[in-house]
Amino acid sequence: MIDTTRLQENLYHDSHQQSSLHVTRENGALQVEGIINHKLRIKPMLQSERSSDGQILHSIYEVEQIRTSYENALPYKPSVPRPLQNVIYTIVSPTTTAPRPVPKFAVELHVISDERHQESFRRDEDLIEYVAVMLNAVNVIFRDMNYPAISFKLVGLTRSTNDTFASPILDTLESQETLQGLANYTRDNDTFKNADLVYLLTGGNLATLRNGSMLDRDVAGLAYVGTVCTQNAVAEGEDIAKSYAGVNTMAHELAHSIGATHDPLDTPECSWTHGFLLSYVDNGSNKYRLSTCSERDIRNVVQRLSDKCISETASDPLSVNTNKFPGDMIVRNYYCIKVLKKNSRGYFQFLQDPDNKCKLRCYYNKINGTSVQTWYMTLDMPEGMWCGDEKTCQRGNCIEATHTTTTQS
């Protein structure tokens, strides 16, 4: 039996904020772990460096919810949403210098394709091309940003066949522990010395432990906020190999890494309900754009980065098919097949959403007792995918094609 007397003495509760914190002092350093409120959690970063006054750094992470749309396709049936998804992020303050204007910032990015993700690519060249095309779509999302103009440049790619940084649990990856493992893995590794930021593409399922025991599998990505060019310059996100389905998650997490926090609920100019990139609300084409609040966050971080960080140091950046977008590389039925297979559902047809030509309904059959029902999953078409006539999907809008497209089916 464990004596919990001392533990109870160190527990602090606030019923109004729904908080429950465990506070201890180890070797003179304060450690706080637990629930701050209904959205925020805190935990000590025991394997991280300490602050200048010897205190242990803590990570605060926010739990938010994303809705996807699995819907019953039978006539007159109400739509049935999938269980809510969560994306969480961790905040760590970067080391900064005095602010000054920065016209542009090309973030030198090293991508790690984990064991499960990279196994779908026979040749290194195929994987390099795939990631480069993903980044083209990511860069479109940041296109409107200025002072600094933001772009992400692929300077390195690692095929991981032994994910020593990963923290597996019940056929998932525990997202927080894996992110910390990734930071430790990259910190003193010369392979990543020319990168401002490292991003992990995982073909597995990210998850997180709730209340120490409940495994929540609905996590899409995780990042340290504002830590570009620091020892914690890492982020991670799910992707279905060869589908480009992880583009928006990548853009979301990379935005966190260069300083953007989630959009606020109560600011009219960039409210959460407007559905920009740093929100989870689906409000049409806004999801392919930064809000003014996100731009301001990024600007505040980048203006304080060192000259060494801002300058481009990679002597031989990876570059291939720089004019291609995901929609040039994948057709609609294959896109449905890849995504539904990941979700253990068999595809049999697709239709464009009648209300939005850049959304795709991927249909599948679902056995319900003795009957078979037809359901569909609604997906956003990848950037550049053909949407009818001579048009392609560009930032969520079906408009006249402005670059080379493939024949779609």
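Listed here are the residues, each with its yes/no results for (1) more than 16 Å from VAL111 (Cβ to Cβ); (2) in contact with a His (Cβ under 9 Å, 6 or more places away or on another chain); (3) outside the structural domain of MET145 (by TED's automatic domain parsing).
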residue	(1), (2), (3)
ASN194	no, yes, no
VAL198	no, yes, no
MET214	yes, no, no
LEU254	no, no, no
SER257	no, no, no
HIS262	yes, yes, no
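Could you check segment 387-398 and list, in sequence order, the residues that are in contact with a Cys (Cβ under 8 Å, 6 or more places away or on another chain) and not in a loop (DSSP other than H, G, I, E, B)?
Those that are in contact with a Cys (Cβ under 8 Å, 6 or more places away or on another chain) and not in a loop (DSSP other than H, G, I, E, B): CYS387, GLY388, LYS391, THR392, CYS393, ASN397, CYS398.
Can you confirm whether segment 352-368 contains a residue that is part of a helix (DSSP H, G or I), touching a residue at least 60 places away in the same chain (Cβ under 8 Å) and either not β-branched (Val, Ile, Thr) or not assigned by TED's automatic domain parsing to the domain that holds THR158 (or both)?
No - not one qualifying residue is present in segment 352-368.
Residues in segment 138-154: is at least one acidic (Asp, Glu), assigned to a loop (DSSP other than H, G, I, E, B), surrounded by 23 or more Cβ atoms within 10 Å (Cβ to Cβ) and assigned by TED's automatic domain parsing to the domain that holds ASP124?
No, segment 138-154 contains no residue that is acidic (Asp, Glu), assigned to a loop (DSSP other than H, G, I, E, B), surrounded by 23 or more Cβ atoms within 10 Å (Cβ to Cβ) and assigned by TED's automatic domain parsing to the domain that holds ASP124.
From the list SER294, SER306, SER285, pick out the single residue that is of a type in the set (Ser, Thr, Tyr) and either buried (at least 19 other Cβ atoms within 10 Å of the Cβ) or free of Cβ contacts under 8 Å to residues at least 60 places away in the same chain (or both).
On inspection, the qualifying residue turns out to be SER294.
Please give the helices (runs of 4 or more DSSP H) falling wholly within segment 238-342 in which 1 or more residues are more than 28 Å from GLY226 (Cβ to Cβ) and touching a Lys or Arg at 6+ places or on another chain (Cβ under 9 Å).
326-329, 332-342
Given the structure, is ARG217 under 20 Å from LEU340 (Cα atoms), at pLDDT below 95 and among the basic types (Lys, Arg)?
yes
Given the conditions (1) surrounded by 14 or more Cβ atoms within 10 Å (Cβ to Cβ); (2) modelled with pLDDT under 85; (3) closer than 15 Å to PRO326 by Cα, and given that ARG345 satisfies all but one, which numbered condition is not satisfied?
Evaluating ARG345 over (1) surrounded by 14 or more Cβ atoms within 10 Å (Cβ to Cβ); (2) modelled with pLDDT under 85; (3) closer than 15 Å to PRO326 by Cα leaves (3) as the failure.
Of (1) closer than 16 Å to GLU108 by Cα; (2) of a type in the set (Asp, Glu); (3) at pLDDT 95 or above, GLU238 satisfies all except one. Which?
So GLU238 meets the others, but not (1).
Might you let me know whether segment 223-242 holds any residue that is of a type in the set (Lys, Arg) and either farther than 26 Å from TYR334 by Cα or surrounded by 24 or more Cβ atoms within 10 Å (Cβ to Cβ) (or both)?
Within segment 223-242 (the criterion being of a type in the set (Lys, Arg) and either farther than 26 Å from TYR334 by Cα or surrounded by 24 or more Cβ atoms within 10 Å (Cβ to Cβ) (or both)), the answer is no, since none of the residues qualifies.
Return a yes/no flag: does segment 200-223 have any residue that is under 26 Å from ASP307 (Cβ atoms) and in contact (Cβ under 8 Å) with a residue 40 or more places away in the chain.
Yes: segment 200-223 contains one or more residues that are under 26 Å from ASP307 (Cβ atoms) and in contact (Cβ under 8 Å) with a residue 40 or more places away in the chain.
The values are calculated or read from the model by the stated rules, or taken from the named source; none is laboratory data. Please read all numbers here as calculations on a predicted model, not as lab measurements. Cβ coordinates were reconstructed from backbone atoms using ideal geometry, including for glycine residues, and neighbour counts include every protein chain displayed.
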